[in-house]
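Structure first, then comments.
The values are calculated or read from the model by the stated rules, or taken from the named source; none is laboratory data. It should be emphasised that the depicted structure is a prediction, and the values quoted were computed from it without experimental measurement. Cβ coordinates were reconstructed from backbone atoms using ideal geometry, including for glycine residues, and neighbour counts include every protein chain displayed. To get the accessible areas, we keep the full protein, side chains included, count just its heavy atoms, and leave off ligands, DNA and RNA. Shrake-Rupley method; radii C 1.70, N 1.55, O 1.52, S 1.80 Å.
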Amino acid sequence: MVRLDRITMQGFKSFAGKVTVPFPAGFNIVCGPNGSGKSNIVDALTFVLGTASARSIRAQKLQNLIFNGGADKKPAEFCEVTLYLDNSDNKIPTNETEVKITRRITRSGISVYKLNGRTVTRNKIQDLLANANMSSDGYNIIMQGDVTRIIEMGLQERREIIDEVAGIKEFDEKREKATRELERVELRVRENMIVVAEKQRYVQRLKTEKEIAEKYVDLSEKLHIYRASSLHKKLTEAEEKGAVIDNEINEKTSLFEEKSRVFEESEKDLENKEKAMRKIDDEIMQKTKNIDILRKADAIRTEIIRKKDRIDFNEREISRLKEFEVPERNAAIKEILAMKSPGIHGTVDSLVDVPSEYSTAIEVAIGRHSKDIVVADHEIATGCIKHLKAKKIGRARFLPLDRIRGREKKEYKGKEHIIGYAIDLVRYDRKFSPAIEFVIGSTLVVKNIDIAKKIKGFRIVTLDGDLVEPSGAMIGGFYRKQHRESYAAKIRQLGEDSERLEDEIRSLDKELGKYNLQDKGETANVREDKIKIEKDIESARKRWKDMFEEKMILQNSISRLKIEKARIEANLDNLKVEMEEFKEVKNFEEGSVDLLQEKVRHFVAEINRLGPINMKALEEYKTLNVEFEELKKILDKLLEEKNAIVKISEDIEKKRYDKFMETFTEIAAKFSTIYYDMSGGTGRLRLEEENKIDSGLIIEANPSGKKVLNLDSMSGGEKTLTSLAFLFSILQHYMTPFYVLDEVDAALDKPNTKKIADLIKKYSKNVQFIVISHNDLTISEADKVFGVSMENGVSKVFGIELPVASE
């Protein structure tokens, strides 16, 4: 077996002159104080074995390895290291029993290798050494920090050590090469498959396009007839609907004219009664003795009439504003309210009267329910929904009073913090209570958001429009009131004005009564006539008002009908223009518009599914079919090539797996043995994922008397001992002529140092060990000890004879 016989260093690092260190078989120790240069011997070994990295031997660049001078020594011009190997078994194929390898570096950075005195290349040296399983970065040289590196490694990095030792790199290279080849072939396969598929589709299309063309003509004719039939049906229905609306407009116009005539008669009757009233007033003026009282009474009566006229005006204006209060975009709500059916009471926001100081808070509290329509019962709600469906106008939300349930009004104890419940701050007819309670029954009103955030479990709204839900959700910020509020405000203002006027009328009536008491005698009978006429005027005014409202409702209805008629006429014009395209069609299909349109969509879909039409398909098919068959043959060959590469990849992967598992199993077994020899406990190597060789490597051990621990969970000493056991198992598998250990025992306590020393002693019977150490326990176990000292910046080596231990 090849053995390191000696090493000679000249001008290398701290070795100024020529120094030779002989290494016999067995356990060799190189010791000395820190900084003496003992680790430089390991660097020299790594250097001569061909390392290309200066950093791996603790230098910035290779020129830094040259001795840089001492107290009485000049800097060297070069450094040179020679390794002498015992090659008695001719393991290194040189036909020499001793192999001499030299490496020299000059100040200019030139590196020269020699084999037995002959200059050779670095690759030549490395190829020869590989026969004896030696290299500069092999696992037979454990440098300072390698143990720590093992400890700090990730699981993947530890597994990569097994990869390197197993030599599966060549399989990785072959696998990568096969993968590249497979990608190349797959690309060609995909390209050819695209071409073949395209050709195949084209050939298939050509084969059937004659039949498709015939089908296309047939479907096009049917589509034309059904389109014409659909338009004809729409035109007929529009004309019929227009005729119905014309009749309705005529009927309502006649009714409007009749009501207008009656209204005019009513106005004349009212005027006659008012003239009679004025005549009686003149008569009273002539007969009365107290002209001042009469004048004051007449002034009061005139003021009462004026105020009643103002109230009538307010009521008409309120009716008009309510027509516009519902947003124009919500046609469904306008439609329902316009029905004016009994049991349809109005929208929520129109049924509550809100003081101006709470308008923002109540508007936000009502929120999306503002335009909910309150109805008497669920039957009316159902009828309204059916009406909207039938007219296809839109949707609306209804609150039937017989079904809707108000929200529970929870009691809030801290009343000093709130303004009140929203429902208590508004005015409304009590018959609408279920709906109003449902919308705002449990909502509190507070001054601002700071107060609101302190209250939990309630729905709260602030005066400026911020909202806090019982869930805790908060909605707020700058609130801009809706434009429709102006309608509600005007309606509310007019209502308040009417209430004020009624109060004033009652006051004026009382005052008038006083004056009437003062005016008795000759005018008494006349005044009775006046009272009777006043009542007639009041009745006439009411009839006039009712007729005016009926007239306005009828006028609005006629306006809507005329708008609908204009829309229908515009639609008719469009349909007639479209029908020009189908004037040659005489016979139309029967059915509803929906059925005819469904047929049109069906035929359009059928035609779209046919795709483009090519009448030359018969001629082109033969030529393209020949091309298609040739392309298919090429594709088949490429697929065969792809399958062959896949099989090669699978074979490579199997060999890679087998090689890794063989090495891993052997190293794992050696690890268990070495760990037991070192600690008396059991050690185990396992993959992070069983049988998955690309997963991480887990090192586990249980020092004697302890539970099983992962390497990362051990104490510092246990980590070092376990890592050394792992490295020794690698060394055992590696089988090189010699092993170099550089201060691997530096971090160990005495018991663990003794274990390592005993282990090296045991294995040194079969293989040569060179150990750098300054630990007395390790030194005491060595077969041969070399000391290194430093004098004036120059390292010196000397042999040490250890005392023989007494038995």
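For segment 652-708, which positions are of a type in the set (D, E, K, R) and in a helix (DSSP H, G or I)? Of everything in segment 652-708, those that are of a type in the set (D, E, K, R) and in a helix (DSSP H, G or I) turn out to be GLU653, LYS654, LYS655, ARG656, ASP658, LYS659, GLU662, GLU666, LYS670, ASP677. Here the condition is being part of a loop (DSSP other than H, G, I, E, B) and open to solvent by 60 Å² or more (accessible area, probe 1.4 Å); of ALA59, ALA52, it holds for ALA52 alone. Residues that are without any contact (Cβ under 8 Å) to a residue 12 or more places away in the chain and either in contact with a strand residue (DSSP E or B) (Cβ under 6 Å, 6 or more places away or on another chain) or of a type in the set (Phe, Trp, Tyr) (or both) within segment 644-690 comprise just one, TYR676.
Answer yes or no as to whether ASP742 is among the charged types (D, E, K, R), surrounded by 14 or more Cβ atoms within 10 Å (Cβ to Cβ) and on the phi < 0 side of the Ramachandran plot. The answer is yes for ASP742.
Of the listed requirements (1) of a type outside the set (A, V, I, L, M, F, W, C); (2) modelled with pLDDT of 90 or more; (3) under 25 Å from ASN140 (Cβ atoms), GLY799 misses just one: (2).
Inside segment 66-87, can you point out the residues that are assigned to a loop (DSSP other than H, G, I, E, B) and touching a residue at least 12 places away in the same chain (Cβ under 8 Å)?
PHE67, GLY69, GLY70, ALA71, ASP72, LYS73, ALA76, GLU77, ASN87
Taking each residue of segment 354-374 that is within 20 Å of GLY477 (Cα to Cα) and looking for partners that are polar (S, T, N, Q) and buried (at least 19 other Cβ atoms within 10 Å of the Cβ) with beta-carbon atoms closer than 6 Å, six or more apart or interchain, yields ALA365/THR443. Would you check if there is a residue in segment 102-110 being assigned to a loop (DSSP other than H, G, I, E, B), open to solvent by 10 Å² or more (accessible area, probe 1.4 Å) and under 20 Å from GLY793 (Cβ atoms)? Yes, that holds for at least one residue. Note on segment 416-437: residues that are open to solvent by 40 Å² or more (accessible area, probe 1.4 Å), part of a helix (DSSP H, G or I) and not basic (Lys, Arg) amount to 4.
For ARG527, indicate whether it is at pLDDT below 75, over 16 Å from ASP353 (Cβ atoms) and open to solvent by less than 50 Å² (accessible area, probe 1.4 Å). In short, yes.
Being among the polar types (S, T, N, Q) and either closer than 28 Å to MET547 by Cβ or open to solvent by 60 Å² or more (accessible area, probe 1.4 Å) (or both) is a property that does not hold for SER230. The residues of segment 17-45 that are outside any helix (DSSP H, G or I), open to solvent by 10 Å² or more (accessible area, probe 1.4 Å) and not small (Gly, Ala, Ser), listed by number, are LYS18, VAL19, THR20, PRO22, PRO24, CYS31, PRO33, ASN34.
Taking the criterion of being open to solvent by 60 Å² or more (accessible area, probe 1.4 Å), free of Cβ contacts under 8 Å to residues at least 40 places away in the same chain and under 30 Å from VAL196 (Cβ atoms), would at least one residue in segment 585-594 satisfy it? No, segment 585-594 has no match at all. Scanning segment 377-415 for residues that are open to solvent by 40 Å² or more (accessible area, probe 1.4 Å) and within 30 Å of LYS454 (Cβ to Cβ), we see that the one that is nearest to the chain's Cα centre (by Cα) is ARG407. Counting the residues of segment 399-446 that are touching a His at 6+ places or on another chain (Cβ under 7 Å) and not basic (Lys, Arg) gives 5. Applying the criterion of being over 19 Å from PRO22 (Cα atoms) and of a type in the set (Asp, Glu) to the residues of segment 71-101, the residue that is most open to solvent (accessible area, probe 1.4 Å) is GLU77.
Take the conditions (1) in contact with a helix residue (DSSP H, G or I) (Cβ under 6 Å, 6 or more places away or on another chain); (2) under 18 Å from THR106 (Cα atoms); (3) hydrophobic (A, V, I, L, M, F, W, C); PHE15 misses just one of them, which is (1).
Would segment 160-171 turn up any residue that is surrounded by 14 or more Cβ atoms within 10 Å (Cβ to Cβ), touching a His at 6+ places or on another chain (Cβ under 7 Å) and either closer than 30 Å to ILE756 by Cα or small (Gly, Ala, Ser) (or both)? Yes: segment 160-171 contains one or more residues that are surrounded by 14 or more Cβ atoms within 10 Å (Cβ to Cβ), touching a His at 6+ places or on another chain (Cβ under 7 Å) and either closer than 30 Å to ILE756 by Cα or small (Gly, Ala, Ser) (or both).
Taking the options GLU265, GLU251, name whichever one is closer than 30 Å to SER559 by Cα, open to solvent by 90 Å² or more (accessible area, probe 1.4 Å), in a helix (DSSP H, G or I) and modelled with pLDDT of 85 or more.
GLU251
For segment 346-408, the helices (runs of 4 or more DSSP H) that sit wholly inside it and include 1 or more residues that are touching a helix residue (DSSP H, G or I) at 6+ places or on another chain (Cβ under 8 Å) and of a type in the set (S, T, N, Q) are 348-351, 359-366.
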